[in-house]
Amino acid sequence: MKDTTTSAVIEARGLGLTFETNDGPVRALTDVDLSIGKGEFVSFIGPSGCGKTTFLRCVAALEHPTTGTLSVNGMSADAARQARAYGYVFQAAGLYPWRTIAGNIRLPLEIMGFSRADQEERIERVLSLVDLEGFGKKYPWQLSGGMQQRASIARALAFDADILLMDEPFGALDEIVRDRLNEELLKLWARTEKTIGFVTHSIPEAVYLSTRIVVMSPRPGRITDVIESTLPRERPLDIRDTPEFIAIAHRVREGLRAGHGDEV
Amino acid sequence: MKDTTTSAVIEARGLGLTFETNDGPVRALTDVDLSIGKGEFVSFIGPSGCGKTTFLRCVAALEHPTTGTLSVNGMSADAARQARAYGYVFQAAGLYPWRTIAGNIRLPLEIMGFSRADQEERIERVLSLVDLEGFGKKYPWQLSGGMQQRASIARALAFDADILLMDEPFGALDEIVRDRLNEELLKLWARTEKTIGFVTHSIPEAVYLSTRIVVMSPRPGRITDVIESTLPRERPLDIRDTPEFIAIAHRVREGLRAGHGDEV
Amino acid sequence: MRSILPILTVLLAIVAVWYAAAVWMNSTWTYDQAARAGVEVTFGEVVADTLAQERPVLPAPHQVAKGLWDGLFGQKVTSKRSLVYHGWITLSATLLGFAIGTVMGIALAVGIVHNRAMDMSVMPWAIASQTIPILAIAPMIIVVMNALGLQGLVPKSIISAYLSFFPVVVGMVKGLRSPDAMQLDLLRTYNASAADVLLKLRLPASLPYLFASLKVGVAASLVGAIVGELPTGAVAGLGARLLSGSYYGQTVLIWAALFAAAIVAAGLVMLIGLIERISLRRMGLAR
Amino acid sequence: EDVTLQLKWVTQAQFAGYYVAKDQGFYDEEGLNVTILPGGPDVAPTQVIAGGGADVVVDWMPSALAAREKGLALVNIAQPFKSSGMQLTCLKESGVATPADFKGKTLGVWFGGNEYPFLNWMGKLGYATDGSPDGVTVLKQGFNVDPLLQKQAACISTMTYNEYWQVIDAGITPDQLVNFNYTQEGVATLEDGLYVMEDNLKDPAFEEKMVKFVRASMKGWKWAEEHPDDAAMIVLDNDDTGAQTEKHQKRMMGEVAKLTAGSNGALDEGDYQRTVDALMSGGSDAVITKAPEGAWTHQITDKALQ
Amino acid sequence: MSGAAISPGWIVAAVIAAGAAFVDLRLAMLLALWLGAWFVNARLSRLKGPLPRWLVPAIFGLTLLALWELAVRLFGISPVILPAPSAIAARIAGSLPILWADFVQTALKGALTGYVLGCGAAVAVAVLIDRSAFLQRGLLPVGNFVAALPIVGIAPIMVMWFGFDWQSKAAVVIVMVFFPVLVNMVAGLKATEPMQRDLMATYHASYWQTLWKLRFPAALPFLFNGLKIATTLALIGAIVAEFFGSPIVGMGFRINASIGQLSLDMIWAEIAVAALAGSAFYGLVGFIERRVTFWHPSQRR
Ligand SMILES: Nc1ncnc2c1ncn2[C@@H]1O[C@H](COP(=O)(O)OP(=O)(O)OP(=O)(O)O)[C@@H](O)[C@H]1O
Ligand SMILES: Nc1ncnc2c1ncn2[C@@H]1O[C@H](COP(=O)(O)OP(=O)(O)OP(=O)(O)O)[C@@H](O)[C@H]1O
Ligand SMILES: Cc1ncc(C[n+]2csc(CCO)c2C)c(N)n1
Ligand SMILES: [Mg+2]
Ligand SMILES: [Mg+2]
């Protein structure tokens, strides 16, 4: 008993969340049961409005579930947030306009009390990780949309949290950069054994990255399928042409289509 | 002579744009020569920061080129803007928070003086086109990221401009919805003979939709390749499995990679 | 420099209207006096007279300009007839009051934003405090402060602070609450302390509101300093000038003092505008 | 010894005696270090003395007695002004020649404790002051004579030594004006007197101080009466606002001298009684409802004037 | 947050109160009352629902009044310096007709008229200034200048120009409220995001359409700042202007006339009316603000 709870980094049981709006309640999540173990890479996929962001926000204790229980690192989501257990990449870049790119990346480092030298060193490292060397001194509005998004990824990576929650981090990137960042992310994951929750709309991306893929469906938002990946941990880019990969991708697509089907 | 200029809806010659920033000038576009004919569907693809948005903004007369000439519908970009020649979908949704979703879509209709009844009818139509029936009365912050993006697409479609400029409109959508909207967009295009400029990061999307694909490369932002599509105008979704499609996609990928290569 | 022409144009227009109004408003007196003396006056005479009256209803621009010139440059700055001397006295109370008021205002706003009890209880009473007619309680403040052994600059500054803290509170409460949900959520994911949220998000985000408030606040401070001068016997300062001008019907003197006060206020507002531009630019917010 | 004197109005020849006493060293001779605080429309001397801001104040008797009835035990210790300088000044062209013409006219009055003599007078004349048709319309007048010049009021309150001359200076000749002097109308009340707190008087040291103060002040007044122009210049020197003019102050000193003439500083019981009667006769508007007890004393002047 | 009830702050406060008892028992009583009330409020404010919204400020206000009453009694403060709330209440109860007449004259005729005209003018000028760069550069400095004229100076002039009745008071109010509203409105009209403006440009929206559909809504949070500050200024302005000449009715007149009679209870009665009217006015504007700027983050806590 003890074992399973400690190994489950994120554990949701019967999770539900209903928003009250001006024209009636919106059930964003219902009955979500999910347990994510240490070192797992779990992708969330599903039509827009199905509750992916809402679920990630619950895990991050930015939203409070109306029903069910949720534990993160064996404690409440809020306690985990207070222990700075995770880094979060928002769906929109959300850079502070009065800070330069480097200043934005420095923000969490300042708050968490990293030394000045350490800050500089980390900023350099993550800027080059997301291919933004030389843009540290620019202001957000001087960057293209994709560059802003990369800056926000860099910001979340800078302080090396054990859990990474990423909400469509690569949505605004072209395939080449995306491939590169996918590879980098996998390397980072392999190296550091982070636990990663990852929202994406790209089936190949989900399959390529994940150890498990959670398919969700809207109105009310819920989990309709959970697909275990049988791919090895070591994944060169051309693994995407293997039949195994294509089979998994197919299963995900079917799951997605089913989710769409019962509402359109 | 006369003929070619009238048939070219968008015509750029030696276009260049340099931003002055706090740490030196940024050459966002150089030497762009491009002519887009009436009824063409042209996609722009390229690494983030290569100037796709900047080019679209020049066409929309939201940015003023520092060198070269640009004509839209045979007039200056600014005159075309004043003639309300185009609908523009921004990279970020940019909905006004004080208006409901329906209110946001109504905005251009009010400005362009559509009748009340016409407004309602159009709002209904575009809301269902982007799959947001029933969300008209919600406020932007009550919608998920993808839903907001769809609302902004609906807003640009509502008033039926001859030219559509779309900056990564489907970036935050899942594959299924994206496929559906791709199909819808193609239908709309076939039906209305609109001229469409479309920024995307997805190679299959670009190939599936376009009559021509413009590949761009950054630092300085420029056109490195222009690929004519040999696909027929009529395109079922499964055209994407044909060898012809795959060949074009391959060429685009090569072009992209080359663009990346000479800078990374 | 580009603003010279527009300002001159506007000024010219104002001066023209002003002259016309001066002739119109002062002519009653001219006609009355002529009637009392039993003489007829031509329009030319009326115009000449209205622009040179000793107690005009509306002094002509050149009369005010001359009064201002005499007051500013006509004597040593240490002279009691110098507007520079009086202006300085008022300015010093204004600056002290503004400093106190701003610090108080920001502190209160921070408290209100962070503490529900303060939000609910302080704000209504801060509002109520501002509806108390300052001129009515200024004498009491002076008397009470006097009993506490405080005289001179401080009581005036307190009144000045009392008027200036409010715009700062209202603006800053709004400004400190202006960051949107995502910007706040980001800091929550870092489990940032309240102090961090304040320093790194709320304060920078509130700057546009802060500067608008400061401009209003500094003008209010000046009014407060002038009001504060009255219950101390109005011995020195622009308020004293205004009032004593008023006792003796020295219209031109009133207007000169009024203009001096407005120059001080406009100068302070422009100074804040300058600081605003510089700091917004340094923060990359000026586009 | 320190003495703080709160004036009723701004620095002007109305208070020349005190400035002269200070300037000529009369206070020094008595070993007093006197601080003179100017007043103004926003300074109520009664409030200042109640708050401990002054040892002695210059005030008009109506407001002093009103304050006494409110529980602030003020005592008149000296009365340098023998006669009243208040009057109602009217423009002839507005059709006012006698008090009978007031009906329906607009009259400017100073409030803030100075309205009692006027209300009392109107009461005597039988005019309502509440705006009813048979009465007069009362305006709370500001601090200058503009309402008369602008013809916003038919009559305004003036002091013989100040506002009246401003009207003249503005270009109206005396023959275009009609003056109703409160003394002549028999409704005069005592003006600038010196008042202290009753409790303080029980302290012999304070009493001693006031004796010295009154003695020196009266010396100042008499000096001012004899050297009006010099006194006016002394006043000017003490004006921190820099708004007073020499011409006006010299003329004011001349007029003030007429009012202080005949007073050696001691309060005349007859004058006092007239004031009290006037203030109590107002019916419902009466300023004071019962005859004050111990509102004045000769205790100081007796010693000072030996 | 939840531990605040017995946080170190409270202990420190209690120690201070106890310490004060050694200095002066009366002081300690006042402090104890204050701390007690604050404690209750801190608790109450954490409750949900509409009740605390009213209860908390009420308790706070009652505490202030109780402290005031207690202080006046314990320290024997003279009623000509500061009357006790009970005395003021008695005076209010006894003078309702006078207070009402004064209120109508000053608050309704003087302040309200001036407020409406002044705010309207400021918004119009802000739009003018915003409309033309020429005026922006020419009028704003001049506007700053004219509108910063101190009330003490303009009130006598307005009385001279517009007479003794409420019209001159309204004129003073106009000048007083003009500046805060102007400054905030100008700042507000600038407060749109580039992308929001670009969107309007793509529609080739006319100036007025952009103004009405984008800049005006975006400016509302700022405008309401100005409007709220102006409510209190309007009342002060109308009252203070009466000090410089008025008919014999009005809140400022009454206060001014009462100073000479040392009727401080009457002065405070008028102040109480002013505070009540001002708070109600402010509350009304705040209520409208919540209604029309519901979308602003500051309203979406
Ligand atoms: N306002 C600006 N000021 C300065 N530099 C700018 C500005 N806007 C864009 N740039 C720069 O111009 C270049 C091109 O930007 P642009 O937004 O056109 O890229 P993009 O191709 O749309 O990229 P993405 O796919 O990431 O949106 C980038 O290097 C960016 O930093
Ligand atoms: N603050 C809110 N108030 C009301 N409803 C909300 C709010 N936030 C989200 N919702 C609703 O909750 C549902 C789920 O939203 P969520 O943002 O989790 O979707 P998502 O799966 O992330 O979609 P996308 O892929 O488009 O980002 C949506 O129907 C949305 O309208
Ligand atoms: C508020 C107020 N208004 C008028 C007077 C009347 N007054 C008494 S002495 C004096 C100076 C002589 O010109 C004046 C004008 C006052 N005392 N206080
Ligand atoms: Mg989402
Ligand atoms: Mg872009």
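The values are calculated or read from the model by the stated rules, or taken from the named source; none is laboratory data. Since the structure is predicted, the reported quantities are computational estimates derived from the model, not experimental observations. Cβ sites come from the backbone with ideal geometry, for glycine too, and all protein chains shown count toward neighbours.
State yes or no: is D:Gly71 within 14 Å of chain C (Cβ to nearest Cβ) and free of Cβ contacts under 8 Å to residues at least 24 places away in the same chain?
Here the answer is no, as D:Gly71 does not meet what is asked.
Do we have B:Ala77 as of a type in the set (Gly, Ala, Ser) and within 16 Å of ligand 5 (Cβ to nearest atom) here?
Here the answer is no, as B:Ala77 does not meet what is asked.
Return the only residue of B:Ile101, B:Ile111, B:Ile105 being away from ligand 2 (no atom under 16 Å from the Cβ) and modelled with pLDDT of 90 or more.
B:Ile105
Within the stretch B:169-189, track down each residue that is within 14 Å of the chain's Cα centre (by Cα), away from ligand 4 (no atom under 16 Å from the Cβ) and within 11 Å of another protein chain (Cβ to nearest Cβ).
B:Leu181
Determine the pairs where a residue that is more than 25 Å from C:Met182 (Cα to Cα) and more than 10 Å from chain C (Cβ to nearest Cβ), located within the stretch E:282-301, has a partner that is aromatic (Phe, Trp, Tyr) and surrounded by 14 or more Cβ atoms within 10 Å (Cβ to Cβ) with Cβ atoms under 8 Å apart, the partner being 6 or more residues away or on another chain.
E:Val285/E:Phe224; E:Ile288/E:Phe224
Pick from the stretch A:123-169 the residues that are of a type in the set (Val, Ile, Thr) and within 29 Å of A:Thr54 (Cβ to Cβ): which of them is modelled with the lowest pLDDT?
Filtering the stretch A:123-169 for residues that are of a type in the set (Val, Ile, Thr) and within 29 Å of A:Thr54 (Cβ to Cβ), the one modelled with the lowest pLDDT comes out as A:Val130.
Restricting the search to the stretch E:133-186, which residues are among the small types (Gly, Ala, Ser) and either within 7 Å of chain C (Cβ to nearest Cβ) or surrounded by fewer than 23 Cβ atoms within 10 Å (Cβ to Cβ) (or both)?
E:Ala133, E:Gly138, E:Ala148, E:Gly153, E:Gly163
Restricting to the stretch C:25-57, count the residues that are assigned to a helix (DSSP H, G or I) and either under 20 Å from E:Gly138 (Cβ atoms) or touching a residue at least 24 places away in the same chain (Cβ under 8 Å) (or both).
If we filter the stretch C:25-57 for residues that are assigned to a helix (DSSP H, G or I), which is where we start, we get C:25-37, C:43-50.
Then keep just the ones that are either under 20 Å from E:Gly138 (Cβ atoms) or touching a residue at least 24 places away in the same chain (Cβ under 8 Å) (or both); that gives C:25-26, C:28-29, C:47, C:50.
Residues flagged as assigned to a helix (DSSP H, G or I) and either under 20 Å from E:Gly138 (Cβ atoms) or touching a residue at least 24 places away in the same chain (Cβ under 8 Å) (or both) within the stretch C:25-57 amount to 6.
Give D:Val3, D:Val57 a once-over and let me know the one that is away from chain C (no Cβ under 13 Å), closer than 25 Å to D:Asp302 by Cα and either within 16 Å of ligand 4 (Cβ to nearest atom) or in a strand (DSSP E or B) (or both). Full working, then the answer.
Values: D:Val57 fails: away from chain C (no Cβ under 13 Å).
After ruling out the rest, the residue left standing is D:Val3.
Quick check, is A:Leu70 farther than 28 Å from A:Ile176 by Cβ, crowded, with 18+ Cβ neighbours inside 10 Å and either within 12 Å of chain B (Cβ to nearest Cβ) or within 16 Å of ligand 2 (Cβ to nearest atom) (or both)? Steps first, please.
Numbers: farther than 28 Å from A:Ile176 by Cβ: yes; crowded, with 18+ Cβ neighbours inside 10 Å: yes; either within 12 Å of chain B (Cβ to nearest Cβ) or within 16 Å of ligand 2 (Cβ to nearest atom) (or both): yes.
Considered against the rule, which asks whether it is farther than 28 Å from A:Ile176 by Cβ, crowded, with 18+ Cβ neighbours inside 10 Å and either within 12 Å of chain B (Cβ to nearest Cβ) or within 16 Å of ligand 2 (Cβ to nearest atom) (or both), A:Leu70 comes out as yes.
Counting only residues that are within 14 Å of another protein chain (Cβ to nearest Cβ) and surrounded by fewer than 17 Cβ atoms within 10 Å (Cβ to Cβ), give me the helices (runs of 4 or more DSSP H) lying completely in the stretch D:177-277 with at least 1 of them.
Because the criterion is at least 1 residues that are within 14 Å of another protein chain (Cβ to nearest Cβ) and surrounded by fewer than 17 Cβ atoms within 10 Å (Cβ to Cβ), the helices (runs of 4 or more DSSP H) in the stretch D:177-277 that meet it are D:198-201, D:228-238, D:246-260.
Does D:Ala78 count as in contact (Cβ under 8 Å) with a residue 12 or more places away in the chain and within 16 Å of ligand 3 (Cβ to nearest atom)?
no
Condition first: away from ligand 1 (no atom under 16 Å from the Cβ), touching a helix residue (DSSP H, G or I) at 6+ places or on another chain (Cβ under 9 Å) and free of Cβ contacts under 8 Å to residues at least 40 places away in the same chain. Can you find one or more residues in the stretch A:139-151 that meet it?
Scanning the stretch A:139-151 turns up no residue that is away from ligand 1 (no atom under 16 Å from the Cβ), touching a helix residue (DSSP H, G or I) at 6+ places or on another chain (Cβ under 9 Å) and free of Cβ contacts under 8 Å to residues at least 40 places away in the same chain.
Picking from B:Val226, B:Val215, B:Val264, B:Val199, which residue would you name as being of a type outside the set (S, T, N, Q), at pLDDT 90 or above and surrounded by fewer than 16 Cβ atoms within 10 Å (Cβ to Cβ)?
The unique qualifying residue is B:Val226.
Please pick out the residue among D:Phe118, D:Phe143 that is modelled with pLDDT of 80 or more, crowded, with 21+ Cβ neighbours inside 10 Å and under 22 Å from the mean Cα position of the chain (by Cα).
Only one candidate qualifies: D:Phe118.
One line per residue, one yes/no per condition, for (1) within 14 Å of chain A (Cβ to nearest Cβ); (2) over 15 Å from the mean Cα position of the chain (by Cα):
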site	(1), (2)
B:Thr21	yes, yes
B:Ile45	yes, no
B:Lys52	yes, no
B:Leu56	yes, no
B:Ala61	no, no
B:Pro65	no, yes
B:Ile101	yes, yes
B:Asn104	no, yes
B:Pro108	no, yes
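Would you mind stating whether C:Pro139 is within 10 Å of chain E (Cβ to nearest Cβ) and part of a helix (DSSP H, G or I)?
Numbers: within 10 Å of chain E (Cβ to nearest Cβ): yes; part of a helix (DSSP H, G or I): yes.
Considered against the rule, which asks whether it is within 10 Å of chain E (Cβ to nearest Cβ) and part of a helix (DSSP H, G or I), C:Pro139 comes out as yes.
Would you tally the residues in the stretch A:160-174 being surrounded by 21 or more Cβ atoms within 10 Å (Cβ to Cβ) and away from ligand 2 (no atom under 16 Å from the Cβ)?
5
Hey, among D:Gln47, D:Gln24, which residue is at pLDDT below 90 and crowded, with 23+ Cβ neighbours inside 10 Å? Working first, answer last.
Numbers: D:Gln24 fails: crowded, with 23+ Cβ neighbours inside 10 Å.
Going through D:Gln47, D:Gln24 in turn, the sole match is D:Gln47.
Pick from C:Leu230, C:Leu203, C:Leu242: which is surrounded by fewer than 24 Cβ atoms within 10 Å (Cβ to Cβ) and in a helix (DSSP H, G or I)?
When all the criteria are applied, what remains is C:Leu203.
Could you say which residue among B:Gly94, B:Gly39 is part of a loop (DSSP other than H, G, I, E, B), small (Gly, Ala, Ser) and away from chain A (no Cβ under 14 Å)?
Testing whether each residue is part of a loop (DSSP other than H, G, I, E, B), small (Gly, Ala, Ser) and away from chain A (no Cβ under 14 Å) leaves just B:Gly39.
Pick out the one residue from D:Ile36, D:Ile77 that is more than 23 Å from D:Ala153 (Cα to Cα), within 14 Å of another protein chain (Cβ to nearest Cβ) and either within 19 Å of the chain's Cα centre (by Cα) or part of a helix (DSSP H, G or I) (or both).
Exactly one of D:Ile36, D:Ile77 is more than 23 Å from D:Ala153 (Cα to Cα), within 14 Å of another protein chain (Cβ to nearest Cβ) and either within 19 Å of the chain's Cα centre (by Cα) or part of a helix (DSSP H, G or I) (or both), namely D:Ile36.
Just a yes or no: is a residue in the stretch E:242-250 aliphatic (A, V, I, L, M) and either at the interface with chain C (Cβ under 8 Å from one of its Cβ atoms) or in a helix (DSSP H, G or I) (or both)?
no
Can you find a residue that is surrounded by fewer than 17 Cβ atoms within 10 Å (Cβ to Cβ) and within 10 Å of chain E (Cβ to nearest Cβ) anywhere in the stretch C:165-181?
Within the stretch C:165-181, one or more residues are surrounded by fewer than 17 Cβ atoms within 10 Å (Cβ to Cβ) and within 10 Å of chain E (Cβ to nearest Cβ).
Taking the residues in the stretch D:80-126 that are closer than 21 Å to D:Tyr272 by Cα and among the polar types (S, T, N, Q) as candidates, determine which candidate is nearest to the other protein chains (Cβ to nearest Cβ).
Checked the stretch D:80-126; the qualifying residue nearest to the other protein chains (Cβ to nearest Cβ) is D:Asn114.
Residues checked against (1) modelled with pLDDT under 85; (2) more than 7 Å from every other protein chain (Cβ to nearest Cβ):
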residue	(1), (2)
C:Gly217	no, yes
C:Glu229	yes, yes
C:Tyr248	yes, no
C:Leu274	no, yes
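When you go through (1) within 13 Å of chain A (Cβ to nearest Cβ); (2) crowded, with 22+ Cβ neighbours inside 10 Å; (3) of a type outside the set (Asp, Glu) one by one for B:Pro140, which number turns out not to apply?
Every condition holds for B:Pro140 apart from (2).
Within the stretch D:173-210, track down each residue that is of a type in the set (A, V, I, L, M) and modelled with pLDDT of 85 or more.
D:Leu177, D:Val178, D:Leu190, D:Leu194, D:Val196, D:Met197, D:Leu201, D:Ala205, D:Met210
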